[in-house]
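A quick write-up on the structure given underneath.
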Amino acid sequence: MARVVLKNLNKKFAETHAVKDVSLTIEDREFVVLVGPSGCGKTTTLRMIAGLEEATSGEIHIGDRRVNDLPPRDRDIAMVFQSYALYPHMTVYDNMAFGLKMRKFPRREIEGRVRDAAEILGIQDLLGRKPRQLSGGQRQRVAVGRAIVRHPRVFLFDEPLSNLDAKLRVQMRVELKRLHDRLQATAVYVTHDQVEAMTLGDRVVVMHDGRVQQVGEPLEVYGAPRNRFVAGFIGSPSMNFLETTVAESAGALYAEAPGIRLRVPAERSKRLSAYTGRPVTLGIRPEDLCSAAGDDSPGFSFEAVVEVVEPLGSEILLDVRAGNASLVARVSPATRVKPHEKIRLAFAPERIHFFDPETEEAIPLSI
Amino acid sequence: MRRSGPFRLAGAAVHRAVVLLFAAFAVFPFYWMVVTAFKQNSDLYVGAMNTAHNPFIFNQAPTLDHVKYLFTETPYPTWLFNTLSVGLIVVAVTLALAVPAGYSLARLSGRWGERLGIGVFLTYLVPSTLLFIPFSRLISILGLQNTTWALVLVYPTFTVPFCTWLLMGFFKSLPAEIEESAMVDGCSRLGATVRVILPLSVPGLLTAVIFSLTLVFQEFVYSLTFISSVEKMTVSVGVPVALIRGDVYYWGSLMAACLVTSVPLAVVYNLFLDRFIGGITGGAVKG
């Protein structure tokens with residue numbers, strides 16, 4: 001196993017600068033997920049690690065070797081592709097054995113490894129079949145199996161679950177996590193699905209526009225997003241943003257928007273006072289809003305009109321309008337409201353986020 | 001909206017009728033060829049005024065005379081051999097050039113790949129009636145006049161561009177991820193192409209082979225221009241030269257020659273019909 005180090009990695013295509021100055025260290029045995037919307041450069045980054053794409057500038061190290069100039073086959077990596085990319089003319093066994101045969105492993109060793117991998121993945125009975133005779137989930141397993149028989153230093157996954165239906169995806173996600181615990185391998189995983197990123201990653205790398213926006217453990221990225229993009233991208237439904245103006249009144253700071261006046265918690269005041277009289281973006285996650293009784297938590301609640309009610313069973317999503325802003329609230333299923341009714345929503349003061357509207361950077365708690 | 005019963009029935013009837021019409025249209029020449037090849041001369045050549053005579057069927061017992069004449073009294077076996085040997089060499093040359101060219105064009109992404117591909121295809125469209133004059137000069141400079149090597153040299157000028165274009169479309173339809181996967185698994189690019197892409201390209205390769213063979217079998221202008229000795233001719237030129245004497249057409253033997261030449265191709269074509277169509281449309285429609 002090995003650690004992967006990216007130093008100032010850049011990739012320019014004819015007209016686009018797909019990856020901009022990405023520097024990242026992936027520790028030995030770590031499972032790192034690159035996540036971002038399509039076109040953010042995550043797949044290109046992965047393909048550069050694999051050697052399928054040449055880096056325009058910057059360095060890639062796997063273990064203690066600089067691998068920039070090595071072809072994919074010499075990088076000691078295994079990759080699972082989005083389309084699985086199984087060899088259609090070979091049986092499942094041959095698909096899995098292919099990489100080992102190419103590396104001139106003795107036949108016995110190949111057979112042992114393929115059987116072991118097949119057992120781990122529960123595909124022993126499929127070894128004689130051709131890929132076209134397999135279901136999507138089975139193909140997925142074979143693709144993973146083909147990677148693990150190789151015992152590579154690094155596993156690369158390129159959106160491996162995105163072609164599966166929702167139920168199977170959840171199941172495979174759990175299996176991948178279990179597999180990683182078992183193999184203890186360094187893994188780089190690319191997805192556009194933030195749920196996958198949060199659940200699988202030891203660390204999550206949020207990318208946007210070719211740049212790394214934030215690197216951190218899932219809950220850290222969720223709890224303290226560094227900028228507005230990360231805040232909006234991680235979490236579903238995504239964070240609500242309110243364009244407010246900071247005003248001072250009777251020694252306290254308020255974030256004001258038409259129809260809403262929210263007190264800035266004392267511990268945030270110090271940093272935010274610099275914004276007095278200026279606009280600031282307030283962010284609050286739907287799950288941090290709850291319905292409140294009449295004069296609960298004054299200053300930290302506001303009145304809104306319900307527009308859409310989406311009962312999900314374990315919770316209810318409310319699309320509400322407060323002043324001229326649309327917000328989503330995730331409330332308890334016991335909440336009884338109908339569209340067009342008024343509701344009072346309160347939020348936990350320590351859970352709100354502030355962003356500078358110009359730089360879109362988060363305004364930190366303290367300096 | 002679903003159409004009601006009688007309309008649907010009428011639609012199906014029209015559909016059948018049209019299919020039948022086209023089938024008859026396609027089969028008729030072949031049928032005429034078979035009937036003519038095995039008719040006795042007295043059944044073939046009757047006065048135009050004889051309206052009682054039905055030309056579409058055997059009025060007298062079929063005969064093998066024309067086929068015998070073809071194989072014993074003309075150098076037809078030699079022509080067949082010439083055609084086949086030229087055909088096989090041309091197929092080999094075509095594949096050797098068109099496979100790497102088609103693959104490169106397919107994987108050369110961006111506008112240039114497309115432009116080059118179209119450019120290659122355009123060269124195929126230049127008619128042989130225009131090209132045979134410069135070619136004959138070239139052939140004489142190379143000292144290849146009146147040899148089948150002249151044809152081996154010239155035929156690839158139209159088989160290679162077409163097959164390159166055809167294979168390019170086919171390779172494009174194969175996902176690049178499959179060969180990338182092979183490259184990660186331990187192949188070089190060449191290795192990935194040989195071990196993974198070529199086995200998957202069999203329908204496309206077959207299409208290229210059948211197409212090249214058909215072109216060689218039917219080519220007339222170059223063969224007529226470059227070959228003058230009867231024993232070096234190919235079927236397409238030898239047969240009309242030997243069996244049309246002045247204004248006398250040896251129809252029976254002519255048709256027998258066509259039959260013998262076209263049946264193997266037709267059989268091969270039909271055996272691989274599905275794959276052949278897969279080869280042609282594989283390029284047209286992106287998977």
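The values are calculated or read from the model by the stated rules, or taken from the named source; none is laboratory data. As the structure is a computational prediction, the values presented were derived from the model and not from experiment. No Cβ is skipped: glycine too gets one built from the backbone with ideal geometry, and neighbour counts run over all protein chains shown. We work out accessible area using only protein heavy atoms, side chains counted, and drop any ligands, DNA or RNA first. Shrake-Rupley method; radii C 1.70, N 1.55, O 1.52, S 1.80 Å.
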Report summary line: Per the filter on region A:1-23, residues open to solvent by less than 40 Å² (accessible area, probe 1.4 Å) and either touching a helix residue (DSSP H, G or I) at 6+ places or on another chain (Cβ under 8 Å) or within 14 Å of chain B (Cβ to nearest Cβ) (or both) are A:V4, A:L6, A:L9, A:K11, A:A18, A:V19, A:V22
Query raised in the report: Does A:G112 count as surrounded by fewer than 16 Cβ atoms within 10 Å (Cβ to Cβ) and part of a helix (DSSP H, G or I)?
Result: yes
**Report entry** Residue under evaluation B:V154, criteria (1) touching a Ser or Thr at 6+ places or on another chain (Cβ under 9 Å); (2) of a type in the set (V, I, T); (3) open to solvent by 40 Å² or more (accessible area, probe 1.4 Å), criterion not met
**Finding:** (3)
Report task. Please specify each residue of region A:309-337 satisfying the condition of being over 20 Å from A:G283 (Cα atoms) and loosely packed, with under 12 Cβ neighbours inside 10 Å. Result -> A:P311, A:L312, A:G313, A:S314, A:S332, A:P333, A:A334, A:R336
Query - Filter result for B:G191 (over 24 Å from the mean Cα position of the chain (by Cα), surrounded by 19 or more Cβ atoms within 10 Å (Cβ to Cβ) and within 14 Å of another protein chain (Cβ to nearest Cβ)) - result: no
Query raised in the report: A:E243: open to solvent by 20 Å² or more (accessible area, probe 1.4 Å), in contact with a Pro (Cβ under 7 Å, 6 or more places away or on another chain), farther than 30 Å from A:E27 by Cα and assigned to a strand (DSSP E or B), yes or no?
Result: yes
Query raised in the report: Mind checking whether some residue in region A:124-132 is within 29 Å of A:P37 (Cβ to Cβ), within 14 Å of chain B (Cβ to nearest Cβ) and part of a loop (DSSP other than H, G, I, E, B)?
Result: no
Query raised in the report: How many residues are open to solvent by less than 40 Å² (accessible area, probe 1.4 Å), touching a residue at least 60 places away in the same chain (Cβ under 8 Å) and assigned to a helix (DSSP H, G or I) when one looks only at region A:188-232?
Result: 5
Query raised in the report: How many residues does region A:267-308 contain that are open to solvent by less than 50 Å² (accessible area, probe 1.4 Å) and closer than 24 Å to A:R226 by Cβ?
Result: 13
Report summary line: Within region B:75-94, residues being closer than 19 Å to B:V263 by Cα and either outside any helix (DSSP H, G or I) or open to solvent by 60 Å² or more (accessible area, probe 1.4 Å) (or both) number 3
Query - Test set (1) under 19 Å from A:L272 (Cα atoms); (2) at pLDDT 90 or above; (3) open to solvent by 60 Å² or more (accessible area, probe 1.4 Å); (4) not polar (S, T, N, Q) - A:F355 fails condition number - result: (3)
Report task. Could you please find all residues in region B:184-238 being assigned to a loop (DSSP other than H, G, I, E, B), within 30 Å of A:R73 (Cα to Cα) and not hydroxyl-bearing (S, T, Y)? Result -> B:G186, B:C187
**Report entry** Search result, residues across region B:51-63 that are open to solvent by less than 90 Å² (accessible area, probe 1.4 Å) and free of Cβ contacts under 8 Å to residues at least 24 places away in the same chain
**Finding:** B:H53, B:N54, B:P55, B:I57, B:F58, B:N59, B:Q60, B:A61
Report task. Mind listing just one residue for me: the one in region A:135-157 that is more than 19 Å from A:P72 (Cα to Cα) and either open to solvent by less than 10 Å² (accessible area, probe 1.4 Å) or touching a Ser or Thr at 6+ places or on another chain (Cβ under 6 Å) (or both) and, of those, nearest to the other protein chains (Cβ to nearest Cβ)? Result -> A:V142
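Within the bounds of region A:45-57, is there any residue that is on the phi > 0 side of the Ramachandran plot, surrounded by 15 or more Cβ atoms within 10 Å (Cβ to Cβ) and within 14 Å of chain B (Cβ to nearest Cβ)? Show your work before the answer.
Filtering region A:45-57 down to residues on the phi > 0 side of the Ramachandran plot leaves A:51.
Still in the running and surrounded by 15 or more Cβ atoms within 10 Å (Cβ to Cβ): A:51.
With the extra rule that they be within 14 Å of chain B (Cβ to nearest Cβ), the set shrinks to A:51.
The answer is yes; a qualifying residue exists.
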Query raised in the report: Here are A:E350, A:E341, A:E360: which of them is farther than 26 Å from A:H208 by Cβ and modelled with pLDDT of 90 or more?
Result: A:E341
Query raised in the report: Of all residues in region A:58-101, which are open to solvent by less than 40 Å² (accessible area, probe 1.4 Å), outside any loop (DSSP other than H, G, I, E, B) and within 25 Å of B:L174 (Cα to Cα)?
Result: A:P72, A:I77, A:A78, A:M79, A:V80, A:V92, A:N95, A:M96, A:A97, A:F98, A:G99, A:L100
**Report entry** Scan of region B:171-180 for residues that are in a helix (DSSP H, G or I) and within 14 Å of chain A (Cβ to nearest Cβ), ordered by number
**Finding:** B:S173, B:A176, B:E177, B:I178, B:E179, B:E180
Query - From B:M183, B:M168, residue being within 10 Å of another protein chain (Cβ to nearest Cβ) and buried (at least 16 other Cβ atoms within 10 Å of the Cβ) - result: B:M183
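Determine, yes or no, whether A:E307 is over 23 Å from A:G223 (Cα atoms) and either in the same structural domain as A:E220 (by TED's automatic domain parsing) or touching a strand residue (DSSP E or B) at 6+ places or on another chain (Cβ under 9 Å) (or both).
So A:E307 fits the description; yes.
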Requested in this report: Considering only residues that are part of a loop (DSSP other than H, G, I, E, B) and touching a helix residue (DSSP H, G or I) at 6+ places or on another chain (Cβ under 9 Å), look in region B:1-50 and name the one that is most open to solvent (accessible area, probe 1.4 Å).
Outcome: B:R2
Query raised in the report: Name the residues in region A:24-39 that are open to solvent by less than 60 Å² (accessible area, probe 1.4 Å) and either free of Cβ contacts under 8 Å to residues at least 40 places away in the same chain or under 13 Å from A:R211 (Cα atoms) (or both), would you?
Result: A:L24, A:T25, A:L34, A:V35, A:G36, A:P37
